[in-house]
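This report refers to the structure that appears directly beneath it.
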Amino acid sequence: MGTSDTRVARWFAIAAHGDQMYGQHPYSYHLDDAVNELIDHVIELPVLRFYDHQVIMCATYLHDVLEDTETSIKALDGLFEEPIGELVRAVSDGPGKNRKERKKGVYKAIQGVGPAALAVKLADRLANAKTAGLAKGESDLLKMYRKEQTDFEMELCGEVAPWYAPSQKLHGFLPAFRKIREYLGMTPWQQKIDVTP
């Protein structure tokens, strides 16, 4: 049986990323930031109350190891408790001719796995959006995230989220999506949500 100790996940992820950098920072900066965003803006959302928060935090530390390091899914599954490997697989880019195609595959995988995978993806996106939004001027990253935001929202919570009834699709994660828009300096999402049955 594997572990869901967040200290082990953090250590493993930092070791796997080695000397990779996140901008001017060691990669641990992004990993810690993603987990902090998860704690501050995602993990306490009511939609996640029945999910194992330790598992989600571990997957957040590990969210880039399959995509950006030599780590195998077999190594993740051997060391970590289920469903950590499944969550990391769901948020990792797969094949595709370009970024848009690769992200489409990620969105489909997240929809298949459900709210815990979306929580990991939102933590990563929040950390990236915050970093891009804090950069001086209109960076290429900021422009890219702004350009992608509507597709990101629609793919992950607009029309295809099977864990909500049609009138409640956005309800559970809306605060995190709003925070991403705030970090990116975008206009707030004004869509009204009908939560009546």
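The values are calculated or read from the model by the stated rules, or taken from the named source; none is laboratory data. Note that the structure is a prediction, hence the values are computed from the model and not measured. Using ideal geometry, Cβ is built from the backbone for each residue, glycine included, and neighbour counts are taken over all protein chains shown.
Could you list, in sequence order, all residues of region 106-116 that are exposed (fewer than 15 other Cβ atoms within 10 Å of the Cβ) and not charged (D, E, K, R)? Across region 106-116, the qualifying residue is only Gly112. Evaluation of Ser72 against the conditions (1) out of contact with any helix residue (DSSP H, G or I) (no Cβ under 7 Å at 6 or more places or on another chain); (2) surrounded by 15 or more Cβ atoms within 10 Å (Cβ to Cβ); (3) more than 20 Å from Ala132 (Cα to Cα); (4) at pLDDT 95 or above shows that the sole unmet condition is (2).
Scanning region 28-50 for residues that are of a type in the set (Phe, Trp, Tyr) and at pLDDT below 95 turns up just one, Phe50.
Looking only at residues of region 82-97 that are at pLDDT 95 or above and not hydrophobic (A, V, I, L, M, F, W, C), we find that the one that is surrounded by the most Cβ atoms within 10 Å (Cβ to Cβ) is Gly85. One residue is enough: does region 47-54 have a residue meeting the conditions in contact with a His (Cβ under 7 Å, 6 or more places away or on another chain) and not small (Gly, Ala, Ser)? No - not one qualifying residue is present in region 47-54. If I ask for residues that are assigned to a helix (DSSP H, G or I), small (Gly, Ala, Ser) and in contact (Cβ under 8 Å) with a residue 24 or more places away in the chain, which ones from region 71-130 would you list? Within region 71-130, Gly78, Ala90, Ala116, Ala117, Ala119, Ala123, Ala127, Ala129 qualify. Taking each residue of region 1-21 that is within 18 Å of Ser72 (Cβ to Cβ) and touching a residue at least 12 places away in the same chain (Cβ under 8 Å) and looking for partners that are outside any loop (DSSP other than H, G, I, E, B) and aliphatic (A, V, I, L, M) with beta-carbon atoms closer than 6 Å, six or more apart or interchain, yields Gly2/Leu79; Ala13/Leu31; Ala13/Val65; Ala16/Val65.
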